[in-house]
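Some notes on the structure that comes next.
The values are calculated or read from the model by the stated rules, or taken from the named source; none is laboratory data. For clarity, every value in this text was computed on a predicted model and none was experimentally measured. Virtual Cβ from ideal backbone geometry, glycine too; neighbours counted across all protein chains shown. Only protein heavy atoms, including side chains, enter the accessible area calculation; ligands, DNA and RNA are left aside. Shrake-Rupley method; radii C 1.70, N 1.55, O 1.52, S 1.80 Å.
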Amino acid sequence: MGFWGIEVKPGKPYPYHADNIQGKLHVTHATLGIGSSNEKTILQCSSGHKSPIFLCSLLPNKIESCPLNLEFGDDDLVAFSVIGPQSIHLSGYFVADDGDDLRD
Amino acid sequence: MGFWGIEVKPGKPYPYHADNIQGKLHVTHATLGIGSSNEKTILQCSSGHKSPIFLCSLLPNKIESCPLNLEFGDDDLVAFSVIGPQSIHLSGYFVADDGDDLRD
Amino acid sequence: MGFWGIEVKPGKPYPYHADNIQGKLHVTHATLGIGSSNEKTILQCSSGHKSPIFLCSLLPNKIESCPLNLEFGDDDLVAFSVIGPQSIHLSGYFVADDGDDLRD
Amino acid sequence: MGFWGIEVKPGKPYPYHADNIQGKLHVTHATLGIGSSNEKTILQCSSGHKSPIFLCSLLPNKIESCPLNLEFGDDDLVAFSVIGPQSIHLSGYFVADDGDDLRD
Amino acid sequence: MGFWGIEVKPGKPYPYHADNIQGKLHVTHATLGIGSSNEKTILQCSSGHKSPIFLCSLLPNKIESCPLNLEFGDDDLVAFSVIGPQSIHLSGYFVADDGDDLRD
């Protein structure tokens, strides 16, 4: 088990692939990064050749963060990306299949 | 296990039926699609001959997304639809009965 | 397992009693029904002879829906009702004790 | 299993101690009671000799309710109280250790 | 099992390390502390040498609290800290590995 977090920046899709670790990733929150824009930033997830799916939309000073509830397994290959001017921080936790943490 | 997402568009009810896959679908979030309207869009779910049930109401720039917590099994046959001008993206994940992912 | 939803209307308390089905009901979301009022509608739950407990308060165009997390078992006997001008849609899912769905 | 709810009133801390029932209490939502104030009411939880911890802050017509996710076991001895002019309704459910409901 | 809560104050990072207790900490809510500022306070989590990840952003009278869903195991070593003028209260619960509570 271990804390998990990434910052998804504009123009830089963030691929997730649990290559050599057997376990499950729980993504549970999205929070706007620092910035001076007032515009909306959308978080989306792409999987295979399907159209990206919006996971949430954040708005400075109005909707600063948002609970999520997504689980990704060993074989999932997805990419997170943002549409808009700001980065979005994703947080959650990883649970290894045997209950051990990432360092074993 | 696998990421799951759909876009429910105005005028196009989206049926869900897990025909030949044994497992459970978790629908965990709804997010407004792109659009220029300021009006409310309601997400609803129809099951059998009962009246549709509202799952959430989204409002541009005010309530852009919303956590859900719904589970659908092998025999569920429902349809998602929207009332209003915009599409709504639904996201979640699928867990197969034997713990394997969708591609096995 | 099966999708579950009801509409609780003003002046019509909605009793829940899982008479002849062994299982657990998960109530996970409340959403305002259609209406033209701007006033608050409160959802409450009554159990036995105790005072009703407020489950959430919804406000048109401001707080249109609300995540809940309630579980009801075979012996629970409660009633949902609303205080205010609008109906409230409740949604969730039912899990039968043996893991089978409602139709078995 | 059974529905659980209390109303925590200003000036009246509400102790929780699962004296003679083996099980787990899930507290999952807080909702403002009825009142005419416009001021914030804070819900807090005290445990032992430590400083009280704020669980949420509610604001009339803006933040009327709030999802929580707390679990209390047999040995927990805590007290809920409010700072502010209004009462707060807490709701959730109780799961007995053997899976039976409260009346067994 | 036991209630868990801390207050993370400006300028005082709060380390979490479950040294000699086997179990899992669930952090489930963040709430703004008392203060007179109108500015945003961000809660972040640092783990190892990676950049801190934002867990949520709170705004007085607008976004007073926020549900979280994080789990920390025996080997996690993280630090919570805030950016901004106010403290943030974190709440949740601890579950020991053998199901016993903290006092056993």
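The figures follow:
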| quantity | calculated |
| --- | --- |
| Residue, nearest to A:Gly92 (Cα to Cα), within region A:36-75, restricted to residues that are among the acidic types (Asp, Glu) and within 7 Å of another protein chain (Cβ to nearest Cβ) | A:Glu71 |
| Selection status of C:Val95, part of a strand (DSSP E or B), over 22 Å from B:Ser57 (Cα atoms) and facing chain B (nearest Cβ under 9 Å) | yes |
| Qualifying residue in region D:37-49 (condition: in a loop (DSSP other than H, G, I, E, B), within 13 Å of the chain's Cα centre (by Cα), modelled with pLDDT of 95 or more and buried (at least 16 other Cβ atoms within 10 Å of the Cβ)) | no |
| Residue count for region B:1-36, restricted to those that are assigned to a loop (DSSP other than H, G, I, E, B) and more than 14 Å from the chain's Cα centre (by Cα) | 9 |
| Subset of region C:50-64 [part of a strand (DSSP E or B) and open to solvent by less than 10 Å² (accessible area, probe 1.4 Å)] | C:Leu55, C:Cys56, C:Ser57, C:Leu58 |
| Residue within region C:15-27 that is touching a Gly at 6+ places or on another chain (Cβ under 8 Å), buried (at least 18 other Cβ atoms within 10 Å of the Cβ), within 12 Å of chain B (Cβ to nearest Cβ) and of a type in the set (D, E, K, R) present | yes |
| Check on C:Gly84, modelled with pLDDT under 95 and either facing chain D (nearest Cβ under 8 Å) or open to solvent by 20 Å² or more (accessible area, probe 1.4 Å) (or both) | no |
| Qualifying positions in region B:65-89 - outside any strand (DSSP E or B) and under 25 Å from A:Leu43 (Cβ atoms) | B:Gly84, B:Pro85, B:Gln86, B:Ser87 |
